[in-house]
1. Compute, for the chain, the length of the dipole vector about the Cα centre, with Cβ point charges of +1 (Lys, Arg) and -1 (Asp, Glu) only. Units Debye, rounded to 20.
2. Go ahead and run the numbers for FRET between Asn144 and Arg122, Cβ-Cβ distance against an R0 of 22 Å, rounding to 0.05.
3. Let me make sure I get this right: for segment 76-164, a, b and c are the square roots of the gyration tensor eigenvalues over alpha carbons, sorted descending. Under 1.5 in a/c it's rounded, otherwise prolate if a/b > b/c, else oblate. Which is it?
4. Which whole-number percentage describes the relative contact order of segment 3-273, with Cα contacts under 8 Å and a sequence gap of 6 or more?
5. Report the longest stretch of the chain that contains none of the GluC sites (Glu not before Pro) sitting in a DSSP loop with at most 16 other Cβ atoms within 10 Å.
6. Can you give the FRET efficiency for Asp130 and Ala156, using 1/(1 + (r/R0)^6), R0 = 35 Å, r = Cβ-Cβ distance, to the nearest 0.05?
7. Restricting to segment 3-273, compute how many DSSP beta bridges are antiparallel as a %, nearest 5.
8. Going by alpha carbons, how many degrees (0 to 90, nearest 10) lie between the helix axis of 161-172 and the longest principal axis of the chain?
Amino acid sequence: MRFFERLADRIERTDSVVSVGLDPDPDRIPEFLADADLPRWAFNRRVIDATHEHAACYKPNAAFYEDADGWRALRETVAYAAGKDVPVLLDAKRADIGNTTRRYAEVLEWVDAITVNPYMGRDSLQPFLDREEKGVFVLCRTSNPGGGDLQDLELASGEPVYERVAALADVWNANGNVGLVVGATTPDELAEVRGIVPEVPFLVPGVGAQGGDAEAAVEHGLADYPSVDVDIGLVNSSRGIIFAGEEAARSDDETTYFGAAGDAAKRLKKRLNRHR
């Protein structure tokens, strides 16, 4: 089953488009997990146990795993999510040239999808695009304040860079495995990009701690993807879910801490479903 077909099945079964970002900042992992063999893996396992009923996908960010123990923790996390039948999208923003990008693409042997950076052009993405069964989410209009420094620049054609990226991604989508990353903090641009690529699913970050527009994320982030029975796309929250336990009355109690993560994922699912 190809990634977007599997994602459609997952969305339908869980009635959810929530992507849970697994970004286990070592400085924020609770003290009661400090003595675990792999604290990031121990943390992620408990988050998955608490949230998997409400998760369409998990999205670990590679930046939180860039060391030997981190990669071990990530491998364990991916395998555990697979055991819960939840796809994993690695937020790595990879791309390069020649042998380097081919090596980068090898990570798709053990995750279901990846984010990539289009700045170096099609050849830098081709090894990812060639993995027909895997999802490839191309950065388009990001949710960070500085995203406009490049993405909003006007081309000779009169279109901004992010619109050209969307149009190119549509051209690159020969295998039907391309998605776009479009932030919820720029709802007008979200709508514009959807107009350019009506059938391309979006990964929409920024709805959690960044305060993005949930209604716009659903209205414009989900695509009428060919040959599936449900509109598909992902709306991501990371810190707002996985660290929700920090605000709990008994944040030093494991059950209470991770119960808060489950509650946060459930609330986001309900919030998004009001607009589906």
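1. About 380 debye.
2. Step by step, r from the Cβ atoms, then E = 0.35.
3. It is prolate, given that a/c is not under 1.5 and a/b is the larger ratio.
4. Dividing the mean separation by the residue count of segment 3-273 yields 20 percent.
5. Numbers: sites that count: Glu66, Glu132, Glu133, Glu199.
Segment 200-276 is the longest.
6. The value I calculate is 0.65.
7. Working: 2 of 27 bridges.
Of those bridges, close to 5 percent are antiparallel.
8. Around 90 degrees separate the two axes.
Quick note: the coordinates plus some simple rules give every number you see, no bench work behind them. Just so you know, these numbers come straight off a predicted model, no measurement behind them. FYI the Cβ positions are ideal-geometry reconstructions off the backbone, even for glycines, and counts take in every protein chain you see.
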